[in-house]
Amino acid sequence: MKAEVKKKTVRKTGLTIPVYDPTGKVEKELELPKTIFSVKTSPKLLAHYVRVFLVNQRQGTASTKTRGEVIGSTRKIYRQKGTGRARHGDIKAPIFVGGGVVGGPKPKNYSLKINNKQKKKAFLGALSLRCETKGLIGLSDKFLTIEPKTKKMADFFKKINLEKDKKLLIIPKQEKNNLILATRNIPTVTIVGAESVNSYQILNHQKVLILAKAIDVIKRIQEKNEN
């Protein structure tokens, strides 16, 4: 009798998303790593990350001039007494047009800090939240060789009922390819590379479209950060 060969059984995590091809049909179900897409994160941490991110976008360059910084004559504009008018000094006083500003803004650093551990946890939590709310959609790698026409991607979004949603497209590298050329003119789509995507971008979009190769890039980056 022939010896029975035991087949290796691959454990499934039960965490899958549909992967669509350019025609709008589900090509397969993609299994996601639980270490990235099934991480519980405190809503307070996500809110804290968003606050820090938005505050750090402020340049803090607004500036006004005081009466001492305004260029102009320091001559007393008219004599102190005898005119019947209020007493005034030079023309640079705040009461005059073109004079200095009292209590106006000055350059200021508004930046806040968040440590790397919190930043990583917020990123994994944002991805997990989108996965949990069915907002994560997989795209086949065939999209990288799609015909570079906006109509192709617009038709694809219509087929999967995403034409009106605010979408984030995560690709392996933000280099010019057919997918970027076919998508960049659609106003509801933001394109970002897997190595530079952040938690705010994920949370700020209703749907996250991610290429299968981009998931591998994110996984590799997370493993590198752990070592």
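Just so it is clear, none of the values below were taken in a lab; they were calculated from the coordinates. Since this is a predicted model, take the numbers as computed values, not measurements. We place every Cβ from the backbone using ideal geometry, glycine too, and count neighbours over all the protein chains shown.
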HN-Hα J in Hz across segment 195-212 - Karplus 6.51, -1.76, 1.60, θ = phi - 60°, x for Gly and Pro:
7, 10, 5, 10, 4, 4, 4, 5, 6, 7, 10, 5, 10, 10, 9, 10, 6, 4
Could you tell me the largest-minus-smallest coordinate of the C-alpha atoms of segment 95-227 on each of the three principal axes, in descending order and whole angstroms?
66, 42, 29
Segment 59-109: proportion of alpha-carbon pairs further apart than 19 angstrom, %:
38
Using Cα positions and a limit of under 19 Å, work out the aspartates and glutamates in reach of LYS117, with same-chain residues fewer than 8 apart set aside.
GLU195, GLU223, GLU226
What percent do you get for the relative contact order of the chain when only Cα pairs under 8 Å and 6+ apart count?
21
Where the centroid of each part is defined by its Cα atoms, how far is segment 125-173 from segment 28-68 in Å?
22
Residue-ordered couplings for segment 67-72, obtained by feeding phi - 60° into the Karplus form 6.51 cos²θ - 1.76 cosθ + 1.60 and rounding to whole Hz (Gly and Pro as x), are 5, x, 9, 6, 7, x
So, by mean Cβ neighbours within 10 angstrom, what's the order for 138-147, 61-70 with the highest one leading?
138-147, 61-70
If you take the charge dipole of the chain about its Cα centre, with +1 on Lys and Arg Cβ and -1 on Asp and Glu Cβ, which of VAL70, ASN198, ILE146 is farthest toward its positive end?
VAL70
Rounded to one decimal in nm, the spacing of the 7 Å Cα→Cβ label points at THR133 and LYS152 is 3.1
Kindly give the semi-axes, whole Å and largest first, of the ellipsoid equivalent to the chain, taking each as the square root of 5 times a Cα gyration tensor eigenvalue.
58, 22, 14
Entries of LYS152/LYS176; LYS40/LYS164; LYS120/LYS173 with Cα pairs more than 26 Å apart:
LYS40/LYS164
Computed over segment 59-109, the relative contact order (Cα-Cα under 8 Å, seq sep at least six) in percent reads 49
Amide H contacts under 5 Å for TYR20, placed H, 5+ residues apart:
GLU27, GLY138, LEU139, SER140
Helix-derived mean residue ellipticity, 222 nm - over the chain, DSSP H n ≥ 4, -39500 (n - 2.57), to 500
-9000 deg cm²/dmol
Hey, got the dipole for segment 59-109? About the Cα centre, +1 on K and R Cβ, -1 on D and E Cβ, debye to the nearest 20?
260
